[in-house]
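Okay, structure first, notes after.
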Amino acid sequence: MARRKIIAGNWKMNMTPSQAVELCNTLKDLVVTDEADVVYCVPAIDIIPVVEAVKGTNVEVGAENMYFEDKGAYTGEICASMLVDAGVKYVIIGHSERRDYFRECDCLLNKKVKKALEAGLTPILCCGESLEQREMGVTMDWIRLQIKSDLVGVTADQVKGMVIAYEPIWAIGTGKTATTQQAQEVCKGIRDCIAEIYDTDTAEAVRIQYGGSVNAGNAAELFAQPDIDGGLVGGASLKADFGKIVNYK
Ligand code: PEP
């Protein structure tokens, strides 16, 4: 069965609540499609107004992060059940900005993935290599280590419903997109890794996105690749261009 595309915006630390609602209204008619799932991953403070603003549309809402504990003395954190109760369906886990600036390690990310799944959220698990790693020729070794570590204790059935985002760090926010061939090669490598850990059925079911300077001009070619099931889009998700990315065909 063909995998359904999923195109998600990662708003990062942009948009006040009122700006967020305005953006939803601007994008409303532009992101209509029957062919792909469309998700806005938004700052925590924007979740409630954005859930309200997209009601009755084809857009689902995602969070950009969460903590793995259920509740308690974790000042500043947000748990999975809070997200679910607010109407969130997806959560980005392990974005390279979280791994880098906030020192999130694979052991922590594994706990977050498991908790998100347990709560009924769909994790968008990010992985990707630095430019140095690519130049050293260890891209796939690095990504396989991330994937294997982040999925410890996650069942095949759970993985089938997940989304994995391949995001080369050197392509994020730089305007430097991976070539179609580079993106396809790694997304296929991730699918092969899933087949090794689990089985072919699981590998064929999991959706793998490409992220890193996706824009209205390169989306069609990237998303046409056999192992690329859509995109995780940063900068371009904050503009009307996101409608063109969603309707890339
Ligand atoms: C991202 O933040 O996940 C991302 C891919 O950003 P950009 O599209 O701006 O490179």
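The values are calculated or read from the model by the stated rules, or taken from the named source; none is laboratory data. In this text the structure is predicted, and so the values were computed from the model without any measurement. Please note: Cβ atoms are built from the backbone with ideal geometry, for glycine as well, and neighbour counts cover all protein chains shown.
Data table
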{"read-out": "Members of the range 147-162 that are in contact with a Leu (Cβ under 7 Å, 6 or more places away or on another chain) and either buried (at least 24 other Cβ atoms within 10 Å of the Cβ) or in a loop (DSSP other than H, G, I, E, B) (or both)", "value": "Asp150, Val154, Met162"}
{"read-out": "Failed item, numbered, when Gly173 is tested on (1) within 18 Å of the chain's Cα centre (by Cα); (2) within 16 Å of the ligand (Cβ to nearest atom); (3) without any contact (Cβ under 8 Å) to a residue 60 or more places away in the chain; (4) part of a loop (DSSP other than H, G, I, E, B)", "value": "(3)"}
{"read-out": "Meets criteria (in a helix (DSSP H, G or I), under 28 Å from Cys24 (Cα atoms) and either away from the ligand (no atom under 16 Å from the Cβ) or under 15 Å from the mean Cα position of the chain (by Cα) (or both)) for Ala236", "value": "yes"}
{"read-out": "Subset tally (residues that are surrounded by fewer than 21 Cβ atoms within 10 Å (Cβ to Cβ) and either basic (Lys, Arg) or in contact with a Gly (Cβ under 9 Å, 6 or more places away or on another chain) (or both)) for the range 80-95", "value": "2"}
{"read-out": "Those helices (runs of 4 or more DSSP H) lying entirely in the range 27-124 with at least 1 residues hydrophobic (A, V, I, L, M, F, W, C) and on the phi > 0 side of the Ramachandran plot", "value": "none"}
{"read-out": "Cross-chain or 6+ apart pairs with Cβ under 7 Å, the range 61-85 first and within 15 Å of Glu118 (Cα to Cα), then loosely packed, with under 13 Cβ neighbours inside 10 Å and of a type in the set (Phe, Trp, Tyr)", "value": "Tyr67/Tyr74"}
{"read-out": "Output for the range 96-121, where each listed residue is crowded, with 18+ Cβ neighbours inside 10 Å and within 16 Å of the ligand (Cβ to nearest atom)", "value": "Ser96, Glu97, Arg98, Arg99, Glu104, Leu109"}
{"read-out": "Set Gly128, Gly87, Gly120: member being under 19 Å from the mean Cα position of the chain (by Cα) and within 22 Å of Gly231 (Cβ to Cβ)", "value": "Gly128"}
{"read-out": "Test set (1) within 16 Å of the ligand (Cβ to nearest atom); (2) within 16 Å of Asp37 (Cα to Cα); (3) out of contact with any strand residue (DSSP E or B) (no Cβ under 9 Å at 6 or more places or on another chain) - Phe223 fails condition number", "value": "(3)"}
{"read-out": "Pair list, Cβ under 7 Å, 6 or more apart: the range 93-111 residue within 17 Å of Gly212 (Cβ to Cβ) and hydrophobic (A, V, I, L, M, F, W, C), other residue at pLDDT 95 or above and within 16 Å of the ligand (Cβ to nearest atom)", "value": "none"}
{"read-out": "Odd one out for Gly56 among (1) touching a Leu at 6+ places or on another chain (Cβ under 6 Å); (2) free of Cβ contacts under 8 Å to residues at least 12 places away in the same chain", "value": "(1)"}
{"read-out": "Pairs with Cβ under 6 Å, 6+ apart, first in the range 195-223 and at negative phi and basic (Lys, Arg), second part of a loop (DSSP other than H, G, I, E, B) and away from the ligand (no atom under 11 Å from the Cβ)", "value": "Arg207/Arg3; Arg207/Asp229"}
